[in-house]
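Throughout, read-outs are computed from the coordinates displayed, never taken from laboratory work. Treat the numbers as computed from the prediction; the structure is a model and nothing was measured. Virtual Cβ from ideal backbone geometry, glycine too; neighbours counted across all protein chains shown.
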Amino acid sequence: MKDINFQYSDSQPKIISNVNLKINKGEFIVITGRSGSGKSTLALILSGFIPHLIGGTYTGEVIYQGIETRSLTLGEISQLVGLVHQDPENQIVTSNVLEEVAFGPENLNLPKEEILERISLCLSATNLDELISRGTNELSGGEKQRVALASLLAMGGSVLILDEPTSYLDIVNRAQVLKTLQKLNLSQNMTIIVIDHQPEIYKDLLTRLIVLEKGSIIGDYYAEEIDYTPYQVSVNSLKKIRILPPNNSIDNILQTDEYSVFLKNTKILSDISLKINSGLIYGIIGRNGSGKTTFANSLLNLHTNKGKMSIFGKNTAKKPTHEIAKDCGLIFQNPNHQIFEQTVKKEILFAPSNLNLDSELTDEKIHQLLVDSSLEQYKNSPPFGLSFGEKRRLTVISIDVYSPSILILDEPFIGQDRYNFEFILKILQKRKENGLTSVIISHRKELFNLVDRFIIFDQGHLIGEGNPREVLPIIKSKHLYPIMEEI
Amino acid sequence: MSGAVKISRELIDVKLEASSNATNPVIKFIAIIAIAVYYFMITDLYRMYLLIFAILIYYNFKALPYQVAKPKYRFLIIFSLLIVIVQLAASRQGDLVFFLIPKIFNLGPFFPIYQKGLFYAILFVGRFWGVITISWVFIDSTNPFDFAQSLTNLKVPYRLAYSLSLALRFTPVLNNEITVIRNAQQTRGLNSTPNSIKGTYNLLKFTLFPIISSTLNRIKDITLSMEGRAFGLYVDRTPLKEMPLQILDIIQLFVLILLLMLLLMF
Amino acid sequence: MNDGSRKPKEISDSIGGSPSHIPWIRPDLVKHKKKEPYFQTSDLVIIALFSSLGGIFSTFIGYLANLLNSLIGIPFGGGQILAGLHIFWLVFIFLLTDRKVGVTFSAGVLKGFVEFFTGNAHGLLVILLSSSQGLIIELVLILFLSTKRNSIVAIAAGFAGLSNVLLQQILFFNSQIPFTFLAMIGIISFISGMTLGGIFPISIFFGFKQASLLQWRKPKSISPRYARNIKTIRISIIVIILLAEFSLIAFLVLQHKNSIQITGEVYNPYTFYVSDFPHITIEAELTSEYFPQPPRNYTGVPLHVILEHAQPKFQFYGILLKARAPDLYSVMFNSTVVDNNDKFIIALVDGVLRLIASEYHGTYWIYDIGTIEVTTIAF
């Protein structure tokens, strides 16, 4: 087999400038860098979407096995290189697993026998054999990501590019995806390029780490020489928040008793009895599909529920959501779903004006929030045009602006770089100092050194509540975190 | 390794065979259109309502398929009432049947109901329910994706037929997304049952903006995903799951249409 | 900018040929390549997703309409006012796909199917309603293809709104609804279509255009295959519209309220105009449960005179008087009752031709007569 050579130079002043890279067959490369450093653009260039599909000024050349991508069509490139996106939902375009994997070969107009051959090979390579007749709507996030992988493999290519493939997944699902990648890399000698904010996830797999900043390569390391600490949030900054003493703590500001939640007449959560105190940071953890998000939503009465639920001792089980919102803020997983207004400034005022709290807000306070979150320059621009990370910061401050007593953050760290992570930490620190409660739902391992108490869900039941050391046995037995070495 | 490959090959074959026995969806679709046209042509109320009630009773015992929300009986009844009112008010010929509001002392009687008006009211409501119920039969018995696929039988270009199955694939996803957005509005204090016109407009605006922006994001990803797998590279694509037009299906369709025409004449 | 000048030679070679120089593609698997399609993949995805969204959104529009109804205090009307929101998506898709011809119709059909499969309350008819909306916009826009003015898009949307009302009217209501009421609903739908279905999506589109969400699509200027025939197409559309209008007018003239077609078993079928015949005046009393009218004078043409002019083929025959469509009311008489009997006259009452049948019950006084048919069956 011949070596694959990538030769790449590009001078797009804003996003990518003068990148030169050479990649050999069978390498496992991780590309990392801050939000906006051009990682995703680089992936689009490598996979040929730039310049074939996406507009812009593009100069330079990408060469695969001696052929420049511009001289090929996308259909031809796709038989060599495949790109997996961050959100698996958007790359599944058919109604069931079989058709999804068949989609590519069908387009290539291959003979039927060849298609069937490829499907069965790809399904077994990704361990999806049992799922073959499943509808794509019934798959879990991890399964969807593996289906996306299989459907690209069916194109018969030998280079895979993955853009944050595991950020939506819990530790077990992530491990499955990683195992699949490792198998492809080692046994089929595929070239794998992963883009991620957390390179340490791929510690055991990668051969090379490339660091991008402002569109240029600032670091290129081989496996042995990599130091992961610059890409991690330091344990000390997490612990610093943990050791803050609770400020005039009130007990049981939120309380549920034998609380059950239903979705379309199916019981999702049963008999949750929980007490939450003010001035602390809580972490809700559990496998994908264990009911964490459902629980958070139901605290604001978004689902049918049974049992007792109270905030500040007042029964809220029958209160409309928009009235509970004043005391209990909720930040959703996907920031796109909760941006409503036409300008960033109006967006910040959205909730306060709905809740009639805007009279207390001064321009200075808003200005300060914008400056703290580095969004000042976008004050009058439409929020839909912001980057993913900027949108996340905006959704956080647009709820933090009216300081609800309880703030629930649902997977706030997905797709976020270290800078945004630390921004959220600052908000959490400020809230703790002011005696306000925060609840974080996340798979990130950093939670272990950050939160005061863990709340653990498993298959719709509350299976543990307590400080991280108390619940450690449960975490270990349920494989929730790979934390052994950090304690 | 090869053992696993064999197992999945068998599974694929089973899966492909399972769907090849049913009637071709396009033929079925033409058949229900024929029945709907029949409903619009007959004036025999007995025949009309016999079929409607048969279907209604059947679906009263059988749940409708997953993708269909429970029938909006409220809307159906309001719309039917509207038809009835208009027909009763407009037709003034034929025998007087009764008065809607009888004579009370010296007042009234009001709203005379004429035979012809009553006939038309029942006829037009029958047409409406006829079309609705026959549509249920089709939706219940057809996998929408098979329907999209079999459109290529009618020489619909595969790129266009494919966009129908793409639309259907994302229907539940987008539906779910609208729910999430409406939840998000409420968690930021927006009242979901506003008591002013402006509030209603805001509710619309604040739902449209986020759903459009997130759909635009989705479109980019989906396009890349399809182009990245060579969609539209060649003139044809190999359909793995074939849905050929079977002679038997076409004969069935002819028999049905013949039957309907006979029913129309006698 | 400058990549156009530096296009490598291979591009022209590879189209339609076999790219044998690409090492990773097995030569036996290479097929004939497709030319650049008119709808790009991204166009198709836009049409598919937004049609799907439009289909789902109709439930939400229903919810809003209910809110509006409860605000106004009447149980209906909100639906009509918000009807333009159904067109919103078609126009929005049209703008997103760089105003391609054929987009709104495809989107209308697709949206109809999505609504159909998700259990819309109109069943099959929703496909018809939705596609006709798309088609109307398409037709109006083809007429003005060269102008890219937004006002025309909005007007097209207005017509689409109007078409919806007309279709429902044809399908479920007959023409006896007072014209003023129809006109009122028509105007509401037109305005709703123009504002909520036209101006609203245009303004939202430009709002989004400022944000960078739309800019990733590489601009490609592919004109439709039939663009060079656009003049012919436009002229044929105008001809079709004119023809339709002409036949409509002709139909209305033939349906002239003061005329009756005399047909059936006669030697001389003709169109009867009340002014062509000598009139007589009779006194008659309308007996009816609801509006009995005291005896008064009616002036008109005796029925037997009208029939004699048509020269019936038989001595005894049946006379079938039919009201104008779509009110298919009819009454039947035996010729023996009518012959030489001046008590049956056709008179013009309140602008409508009506049978005055004195000594007969009011239900025989059929009005708005369209045809008189002479039949063989006499009884």
Problem set entry | Under 12 Å, Cβ to Cβ, from residue B:187 - net charge with Lys/Arg +1 and Asp/Glu -1 | 0
Seminar exercise, completed: Measuring from its Cα centre, region A:86-187 shows a charge dipole (+1 at each Lys and Arg Cβ, -1 at each Asp and Glu Cβ) which, in debye to the nearest 20, is 300 debye
Exercise. Roughly how many nanometres apart are two label points built 7 Å out from the Cα toward the Cβ at residue C:297 and residue A:459?
Worked result: 9.8 nm
Exercise. Once you charge only the Cβ atoms, +1 for Lys and Arg and -1 for Asp and Glu, what is the size of the charge dipole of region A:235-486 about its Cα centre, to the nearest 20 debye?
Worked result: 460 debye
For this session: Would you mind calculating the gained length between residue C:206 and residue C:231 on full extension (0.36 nm times residue separation, minus the Cα-Cα distance), in nm to one decimal?
Result: 6.0 nm
Seminar exercise, completed: Per the 1/(1 + (r/R0)^6) rule, R0 = 51 Å and r from the Cβ atoms of residue A:317 and residue B:122, FRET efficiency to 0.05 is 0.60
For this session: Could you run the Karplus curve 6.51 cos²θ - 1.76 cosθ + 1.60 with θ = phi - 60° over region C:302-317 and give me ³J(HN,Hα) per residue in whole Hz, x for Gly and Pro?
Result: x, 4, 5, 5, 4, 6, 4, 4, 7, 6, x, 6, 10, 7, 10, 7
Exercise. At a Förster radius of 56 Å, what calculated FRET efficiency corresponds to the Cβ-Cβ distance of residue A:380 and residue C:270, to the nearest 0.05?
Worked result: 0.15
Exercise. Over all pairs of distinct alpha carbons, what does the Kirkwood formula give as the hydrodynamic radius of the protein assembly as shown, in Å?
Worked result: 33.8 Å
Problem set entry | Eligible aspartates and glutamates near residue A:379 by straight Cα distance, threshold 16 Å, same-chain separation 8 or greater | A:341, A:347, A:363, A:364, A:390
Problem set entry | Unsatisfied cross-links (Cα-Cα over 20 Å) in the set A:267/A:478; A:432/A:476; A:346/B:205; A:144/C:209; A:391/A:445; A:183/A:203 | A:267/A:478; A:432/A:476; A:144/C:209; A:391/A:445
Problem set entry | Estimated vicinal HN-Hα couplings, Hz - region A:291-303 in sequence order (Karplus 6.51, -1.76, 1.60; Gly, Pro = x) | x, 5, 5, 4, 4, 4, 5, 6, 5, 9, 6, 8, 10
Seminar exercise, completed: Only helices counted: for the protein assembly as shown, with every DSSP H run of 4 or more residues adding -39500 (n - 2.57) and the sum spread over all residues, [θ] at 222 nm is -14500 deg cm²/dmol
For this session: Could you rank the peptides C:332-338, C:107-113 by their average count of other C-beta atoms within 10 Å per residue, with the highest value first?
Result: C:107-113, C:332-338
Exercise. Under a point-charge model restricted to the Cβ atoms of Lys and Arg (+1) and Asp and Glu (-1), what is the dipole moment magnitude of region A:8-231 relative to its Cα centre, in debye to the nearest 20?
Worked result: 340 debye
Seminar exercise, completed: Non-local residues with an amide H under 5 Å from the amide H of residue A:331, with H modelled 1.01 Å from N and Pro and chain starts lacking one, are A:408, A:409, A:410
For this session: Report, as an integer, the average count of C-beta atoms from other chains found within 10 Å of each Cβ along B:46-59.
Result: 0
Seminar exercise, completed: Calc'd 3J(HN,Hα), region A:124-135, phi into Karplus 6.51 cos²θ - 1.76 cosθ + 1.60 (θ = phi - 60°), Hz, glycine/Pro = x, comes to 6, 5, 9, 6, 10, 3, 6, 8, 3, 9, 6, x
Exercise. Between residue A:200 and residue A:430, what length in nm is gained on full extension when 0.36 nm per residue of separation is reduced by their alpha carbon distance?
Worked result: 79.9 nm
Exercise. Per residue of A:297-307, what is the mean number of Cβ atoms on other protein chains within 10 angstrom of that residue's Cβ?
Worked result: 2
For this session: Express the relative contact order of region C:259-375 as a whole percentage, based on alpha carbon pairs under 8 Å and six or more residues apart in sequence.
Result: 33 percent
For this session: Would you work out which of C:263, C:301, C:280 lies farthest towards the positive end of the dipole of region C:261-353? Charges go on Cβ: Lys and Arg +1, Asp and Glu -1.
Result: C:263
For this session: Please list the non-local residues whose amide H lies under 5 Å from the amide H of residue C:329, H modeled 1.01 Å from N, same-chain partners needing a gap of 5 or more.
Result: C:323
Exercise. So if we plug the beta-carbon distance of residue A:239 and residue B:236 into 1/(1 + (r/R0)^6) with R0 = 45 Å, what FRET efficiency do we get, rounded to 0.05?
Worked result: 0.10
Problem set entry | Inter-site label distance for residue A:113 and residue C:337 at 7 Å from Cα along Cβ, in nm | 8.3 nm
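Counting only Cα atoms, I'd like the Rg/Rh figure for region B:154-235, Kirkwood definition for Rh. Mind showing how you got there, number by number?
Values: Rg = 17.6 Å, Rh = 15.2 Å.
Reported Rg/Rh, Kirkwood definition of Rh: 1.15.
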For this session: Sketch the reach of a paramagnetic label on residue B:43 as a point 7 Å from Cα along Cα-to-Cβ, and name the residues of region B:252-266 whose backbone nitrogen lies under 20 Å away.
Result: B:260-266
Exercise. Once amide H atoms are placed 1.01 Å from N in the peptide plane, what residues at a sequence separation of 5 or more from residue A:23, or on another chain, have their amide H within under 5 Å of its amide H?
Worked result: A:6
For this session: Taking chain A as the reference, fit the longest principal axis to its C-alpha atoms, fit the long axis of helix A:344-354 to the helix C-alpha atoms, and give the angle between the two in degrees, 0 to 90, nearest 10.
Result: 40 degrees
For this session: Return the average number of partner chain Cβ atoms within 10 angstrom of each residue Cβ along peptide A:52-58.
Result: 5
Problem set entry | Inter-centroid distance (Cα atoms) of region A:252-305 relative to region A:32-64, Å | 43 Å
Exercise. Once label points are set 7 Å from the Cα along Cα→Cβ at both residue A:221 and residue A:372, what is their separation, rounded to one decimal in nm?
Worked result: 3.3 nm
